1. Counting just the residues of the stretch A:260-291 that are surrounded by 18 or more Cβ atoms within 10 Å (Cβ to Cβ) and assigned to a helix (DSSP H, G or I), which one comes out nearest to the other protein chains (Cβ to nearest Cβ)?
2. Looking at the structure I just gave you, is B:Val219 assigned to a strand (DSSP E or B), closer than 25 Å to B:Arg331 by Cβ and assigned by TED's automatic domain parsing to the domain that holds B:Ile280?
3. Which condition does A:Ala96 not pass, out of (1) surrounded by fewer than 18 Cβ atoms within 10 Å (Cβ to Cβ); (2) at the interface with chain B (Cβ under 10 Å from one of its Cβ atoms); (3) among the small types (Gly, Ala, Ser); (4) more than 12 Å from DNA strand C (Cβ to nearest atom), if it passes all the others?
4. May I ask you to say which residue of B:Asp164, B:Asp156, B:Asp136 is away from every other protein chain (no Cβ under 14 Å), under 16 Å from B:Gly195 (Cα atoms) and among the acidic types (Asp, Glu)?
5. Residue check, A:Arg294 against (1) buried (at least 23 other Cβ atoms within 10 Å of the Cβ); (2) touching a strand residue (DSSP E or B) at 6+ places or on another chain (Cβ under 6 Å), all met but one. Which one?
6. Could you list all residues from the stretch A:1-19 that are more than 14 Å from chain B (Cβ to nearest Cβ), more than 7 Å from DNA strand D (Cβ to nearest atom) and not acidic (Asp, Glu)?
7. Listed residues A:Thr197, A:Thr127; which is under 13 Å from the mean Cα position of the chain (by Cα) and outside any strand (DSSP E or B)?
8. Would you confirm whether or not the stretch A:57-68 contains a residue that is hydrophobic (A, V, I, L, M, F, W, C), over 25 Å from the mean Cα position of the chain (by Cα) and more than 10 Å from DNA strand D (Cβ to nearest atom)?
Protein chains: 2
Amino acid sequence: MRRPTLRDVAEGAGVHAATASRALNPATRHLVSRETVQRVDRVAAALGYRVNPVARSLKTARSASIGLIVPDLMNPLFPPIVRGVEDVLLPIGYNAWIANTDNDPAREAATVEAMRARNVEGFVLATARLEHPLIDQLDAADVPLVLVNRRTGRADVPSVTPDDVSGVALAMRHLVELGHRRIAHLAGPQDLSTGVTRLRAFRQALEDHGLEVAPERIVTCKEWSQVAGAEGAGRLLDSGAEFTAVLAGNDLLALGCYDALAQRNLRCPEDVSVVGFNDIPFIDRVSPPLTSVRIPQYDIGAEAARLLLEELRDPGRHPRSIILPLKLCVRGSTATVDPHRERRR
Amino acid sequence: MRRPTLRDVAEGAGVHAATASRALNPATRHLVSRETVQRVDRVAAALGYRVNPVARSLKTARSASIGLIVPDLMNPLFPPIVRGVEDVLLPIGYNAWIANTDNDPAREAATVEAMRARNVEGFVLATARLEHPLIDQLDAADVPLVLVNRRTGRADVPSVTPDDVSGVALAMRHLVELGHRRIAHLAGPQDLSTGVTRLRAFRQALEDHGLEVAPERIVTCKEWSQVAGAEGAGRLLDSGAEFTAVLAGNDLLALGCYDALAQRNLRCPEDVSVVGFNDIPFIDRVSPPLTSVRIPQYDIGAEAARLLLEELRDPGRHPRSIILPLKLCVRGSTATVDPHRERRR
DNA sequence: TTGAAAGCGCTAACAT
DNA sequence: ATGTTAGCGCTTTCAA
């Protein structure tokens, strides 16, 4: 009951293994006569033959699979991206091997190494930091690579990212239209492109609206998490800085901000308005309602997969990056604010 | 700049490749003299040698990796399970290849086949249905296997599951103590063990509390999703059945129930109380607050990984299954209910 | 159009 | 303690 090998098929069809190989491989099938192909196919089907991908991979140094590296599957932002990648790759016979790095560079390096050693043909990486030796190294080794959601500091690595600048502008316009004049920013990690870009766009938006850029209204969080958001918002609230609204770098930070407000018996949006970013699944169910900038997560994954496939098929091609448009999801009351109101102490 | 092979190391150390192989493999290192081991280690380090797992796998038919098959990564229940599995396996040098089946049996079969062909040594499966030919087949082929969260119809496949019966009992006791007497159940898919077990436990709990088991208060949902929950709750509400509380089969169904209630201008908990199951991440933030039964998702993953490792190390061993305890997370007002109140129409 | 032969990189049974 | 040899299952160049 051993799994049949190519030799078994070849013997059954009365041909040499090499011929059977050619007959079974769509790319070389044309080298074999019609009758032989049919005979081999029939025997293969009868025996239930399946090519051994390990042997094939040892020979060809390919694998019909790519690695998909995610920093944190518990962040609801990433599962839809995974799905987008899979939906493009699986139908054309590629496998996506998903791995979770838990934001740990060592774990990331180990996983990438393990996958490379297994001949994955490329990577979709959602873990990019601005300074990212591993990415530099992969790029230098000409490993096909597409970054999603975040970019690295270098411009020449292909990526698929949301249009954070426009997204922040949308969110800020919304707040300004509600009457807010003193707006704070709960910024994300400044070693990630998303954190930096959104902070920069925040400053730009203030200027565009003729508002003061007050450094004390900007607080940086160490990671994209609810806990870090609560900690950062706590610093902001306890600093005495004056503001009526907070633009959170993402939804998890916004949730943390909610925690910090509740802890200080401040109401939202009566005392402070909060706007989030990403519009993660289920965020439409939280209380108080959170207005958020929607990112096309599934499309980011799908586009990344397509970009990677292009790279695989045409290695010399000039690297491209894609920026996807965002839209604002307004939730909760849209009552305007007295711009002169003071935050309750 | 070719990746160094074992032969390169062997030549550099002046030994035969077989000796180098033995020296580098912890399991066979004792067969080689101390000096030779040192010399080989030094050369390997200098060259940056890494074993080629594809070649090793072709030879040994093993892979130091297992497959982790998840039905739907977008369901927040699963990422913590993934993490539990990884945290046990990675430190001992095993890789977990994660795959998402999107609840599609064909996709599941293809993924499992792809992984088996790559010599994964076992599976952690979170996709079990009660009737599940693929599981029967894997079990018949003696593929090491642990089911998580859900079980199949057969008792002899190892599994790690939550104690759904006790969980339902806790939830029902809570509702009864709040004064509810007519309690409905939004049941999950009846081809999954979780759906069936929770429904059965619901009936049992009614009897234990001396309450009537009214068939019109039980509605089955086709899948564990918010949409299916809204659809099921809609049927329940529109049927004219009388009830003051709903036990939802899981949190996603509970959220769907919220949608159905809101659509009909019914308030929660004033008109209908809802209790969920799983206590998924972020469910503590939804409005109105949802009481839910907490499942130790991370522990389920970790225990499953341990069970699988035992199977790998001791294949003949009698299969075990593990049931993990649950607890109730009460949220929102705990005001008691007039048992004679009528649901608003 | 097909066959022969070599080899991808490694391990393990056997021999020394 | 180390070397020899064979082979895991496949693809691919070369020859016929």
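1. Across the stretch A:260-291, the extreme among qualifying residues is A:Arg285.
2. Yes: the conditions hold for B:Val219.
3. A:Ala96 satisfies every listed condition except (1).
4. That would be B:Asp164, the only listed residue that is away from every other protein chain (no Cβ under 14 Å), under 16 Å from B:Gly195 (Cα atoms) and among the acidic types (Asp, Glu).
5. Looking at each condition in turn, A:Arg294 falls short on (1).
6. Of everything in the stretch A:1-19, those that are more than 14 Å from chain B (Cβ to nearest Cβ), more than 7 Å from DNA strand D (Cβ to nearest atom) and not acidic (Asp, Glu) turn out to be A:Val9, A:Ala10, A:Gly12, A:Ala13, A:Gly14, A:Val15, A:His16, A:Thr19.
7. A:Thr127
8. no
The values are calculated or read from the model by the stated rules, or taken from the named source; none is laboratory data. These numbers were taken from a predicted model, which means no experiment stands behind them. So basically every Cβ, Gly included, is an ideal-geometry build from the backbone, and we count neighbours across all protein chains shown.
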